[in-house]
Amino acid sequence: MQIVGNPNAHPRGAAPRSVLLVVASAVFVSNLDLFIVNVALPAMNRHFAGSTLASLSWVLNGYAIVFAALLVPAGRLADRIGHRTAFLAGLALFTLSSALCALAPAVGWLVGARLLQAVGAALLMPTSLALLLDSTAPERRPAAVRAWASIGGIAAGLGPVLGGLLVEADWRWVFLVNLPVGAAAVLAGLRVLPRLRGQDGGRLPDLAGAALLTAAIAVLAVGLVESDAWGWGSVRVLGCLVAAAVLTAAFLLRSARHPAPVVELPLLRVPVFATANATALLFTAAFAGMLLTSVLWCQQVWDYSALRTGLAVAPGPLLVPPITLAAGPLLRRLGHGRTAALGLLLFGAGIGWWAAAVQVQPGYAGALLPGLLLTGAGVGLTLPTLIGAAAGALPPTRFATGSAVTTMGRQIGAVIGVAVVVSVLGTPHSAQQALDAFRHAWIAVLAATALALVAAVLLAAAQRRQTAAATNATPAADAAPAPSATSAPAPANTSG
């Protein structure tokens, strides 16, 4: 999908501020969804008799899996049918499926409705930026992109508190809140969004490849989530892991041969792009594990209410936007790889603090809060830096596809992080067992952080080689300028 601004667009035909308002509303509720659903999981567990953390984890993972697999195909489909049509269809589906989530009579129905939500989000997310650029004059597009990208940070900051407020009334409100916003955005979008024709005759997206990717991630998640119940050495767990490997190999083979693949494999041969995405995937696994454990610890061990949990967790996400904005000088001095490594060290220090300091007896200020501040600072330094490094490694004509691959990789990382944490936590039956289980989960998060740190070091090395090659190369008339390690970080969608 080419999100670079349509040359045939007429910015004066649609008020950019009106388009931004519609787009921002849709992107905000889709980003907000992750944080408020995390806070609502314990309430769902109490509501659905016989449900377990393993079954409810699919409320998070089912959404992330489908979104990851469909993001690129949905973007290509939008290029064919038109950005306006795809955006409105995605937003309408997201809103309708939110109502279905609220009405779900059982966990299975809730997971099914979340899958539909993910389809809607996959349609509206890439087209939202395309519509904004189509309606914005070229000289104003950088500011429009910054405004669009900042929405994720705002949702991250408000999500825990808003989620807590909604759950205090009823967990169903975390989905019902999407209805008025979504309906209003659809009605406004019908009036203000630019009407641009799709690219007739473009190649159809690889839906079979998306299905293979979905199956591979889902089977891997099943094996991880159910490992506590089935046993790590059981035939079912080993079968899931083998099946995931086979499906992944089939997906990669198909991507290498299909004219419009979900992942363009040549992009992964760009060293900086590949290492930045590997680091982002591993870090997002750690981030998802951190977010889930903090919410579950507060509600299940310290017996915090949903609102108190939201207020307790909020300082971490609220720290991300100012740290991101302040990181520019540091990034120009250190480069992407070393800046991300510093952020990972801070993030790991926060998780390590929890593993050492948190006890069964509540002690928020001395135990939980320092870890939240350290992890929040780590996210602010790491995630936007990695997104910027991945985007800057590619020429402008490949930016949209590369961004979609980065987002997809982060969603896969979130699935793995949640699945591993659920597997490690198991079902503790006492406060001491819970403390031991959470400490093991935090060690698993630390392991993912350490792997991400290794990848960040490789990223720094790849950028040094790229800079040296650009310096030593003979300038060519048709050569694209080398990406600069001193570029400012892109604001991040911190929803993982």
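The values are calculated or read from the model by the stated rules, or taken from the named source; none is laboratory data. As the structure is a prediction and not an experimental result, all values here were calculated from the model. Cβ: placed from backbone, ideal geometry, glycine included. Neighbour counts: every protein chain shown. Calculation scope for accessible area: heavy atoms of the full protein, side chains included, ligands and nucleic acids excluded. Shrake-Rupley method; radii C 1.70, N 1.55, O 1.52, S 1.80 Å.
Express the Stokes-Einstein translational diffusion coefficient of the stretch 415-472 in µm² s⁻¹, to the nearest whole number, given a Kirkwood radius over alpha-carbon pairs, 10 °C and a viscosity of 1.306 mPa s. Provide the component values of the computation, followed by the final result.
On the way: Rh = 13.8 Å.
Answer from the Stokes-Einstein relation: 115 µm²/s.
How much length is gained if the chain between A461 and L204 is pulled fully straight, taking 0.36 nm per residue apart and subtracting their Cα-Cα distance, in nm to one decimal?
Length gained between A461 and L204: 88.7 nm.
How large are Rg and Dmax for the stretch 270-325 when calculated on the C-alpha trace, in angstrom?
Every Cα atom of the stretch 270-325 included, Rg and Dmax give 15.1, 48 Å.
Taking 0.36 nm per residue of separation and subtracting the Cα-Cα distance, what length does fully extending A256 through A137 add?
39.1 nm
Restricting to Cα pairs below 8 Å that are 6+ residues apart, what does the relative contact order work out to for the chain? Please round to a whole percent.
23
Rounded to the nearest percent, how much of the accessible area of the chain (1.4 Å probe, protein heavy atoms only) is carbon and sulfur? Walk me through the intermediate numbers first.
On the way: 13550 of 20010 Å².
Solvent-exposed carbon and sulfur of the chain make up 68 percent of the total.
Ranked by accessible surface with a 1.4 Å probe, highest first, in what order do H336, H440, H429 come?
Sorted by accessible area, descending: H429, H440, H336.
Provide the gained length on full extension for the span R195 to Q361, in nm with one decimal, where the gain is 0.36 nm per separating residue minus the Cα-Cα distance.
Net length gain for the segment: 53.9 nm.
Order of 448-455, 268-275 by packing, highest average Cβ count within 10 Å first?
Result, highest mean Cβ count within 10 Å first: 448-455, 268-275.
Is the shape of the stretch 370-422 best called rounded, prolate or oblate, per the rule: a/c under 1.5 gives rounded, else a/b larger than b/c gives prolate, else oblate, with a ≥ b ≥ c the square roots of the Cα gyration tensor eigenvalues?
Because a/c hits 1.5 or more and a/b fails to exceed b/c, the stretch 370-422 counts as oblate.
In Å³ and rounded to a whole number, note down the convex hull volume per residue for the Cα atoms of the stretch 247-291.
About 87 Å³ per residue, rounded to a whole number.
Once the whole set of protein chains is in place, how much accessible area is left on H47, using a 1.4 Å probe, in Å² to the nearest 10?
Only protein atoms counted, so the area is about 90 Å².
Using the Cα atoms of the stretch 86-176, I'd like the radius of gyration and the largest Cα-Cα distance, Dmax, both in angstrom.
For the stretch 86-176, the Cα-based Rg and Dmax read 15.8, 51 Å.
For the stretch 202-284, with every protein chain kept in place, what is the accessible area per residue (1.4 Å probe, Å²)? Could you put the intermediate results ahead of the total?
Numbers: 3870 Å² over 83 residues.
Averaged over the residues of the stretch 202-284, the accessible area is 47 Å².
Excluding L60 itself, calculate the net charge of residues whose Cβ lies under 15 Å from the Cβ of L60, where each Lys or Arg counts +1 and each Asp or Glu counts -1. Please list the in-between numbers first.
On the way: positive: R114, R410; negative: D33.
Value of the local net charge: +1.
Per q in 0.11, 0.12, 0.16, 0.17 Å⁻¹, report the Debye log10 I(q)/I(0) for the stretch 184-331, using one uniform scatterer on each alpha carbon and no solvent.
-0.84, -0.96, -1.16, -1.15
Mind grabbing the base-10 log of I(q)/I(0) for the stretch 267-423 at q = 0.21 Å⁻¹? Debye formula, identical points on the C-alpha positions, no solvent, two decimal places.
The computed values of log10 I(q)/I(0) come out as -1.32.
Quick one: which of 293-299, 187-193 comes out on top by average Cβ neighbours within 10 Å, and what's the full order, highest first?
Ranking, from highest mean packing down: 293-299, 187-193.
Could you tell me the calculated FRET efficiency between A106 and L179, based on Cβ-Cβ distance and R0 = 25 angstrom, to the nearest 0.05? Kindly include the intermediate steps, with their values, before the conclusion.
Values: r = 21 Å, r/R0 = 0.84.
Plugging the Cβ-Cβ distance into 1/(1 + (r/R0)^6) gives 0.75.
Roughly how many nanometres apart are two label points built 7 Å out from the Cα toward the Cβ at L21 and S305?
For the pair L21/S305, the computed spacing is 3.5 nm.
Convex hull over the Cα atoms of the chain, averaged projected area in nm²? Please report the intermediate quantities before stating the final value.
Numbers: hull surface 89.2 nm².
Result: a mean projected hull area of 22.3 nm².
Rounded to two decimals, what is the ratio between the C-alpha radius of gyration of the stretch 310-371 and 2.2 N^0.38 Å? Let's see the in-between values first.
On the way: Rg = 14.0 Å, N = 62, 2.2 N^0.38 = 10.6 Å.
The stretch 310-371 yields a ratio of 1.33.
At a 10 angstrom cut-off on C-beta neighbours, averaged per residue, how do the peptides 103-114, 353-364, 278-289 rank from highest to lowest?
278-289, 103-114, 353-364
Quick check for me: using +1 on Lys/Arg Cβ and -1 on Asp/Glu Cβ, what's the dipole size of the chain about its Cα centre, in debye to the nearest 20? Spell out each step's value before the answer.
Working: 28 positive and 14 negative charges, 226 e Å.
Roughly 1080 debye for the chain.
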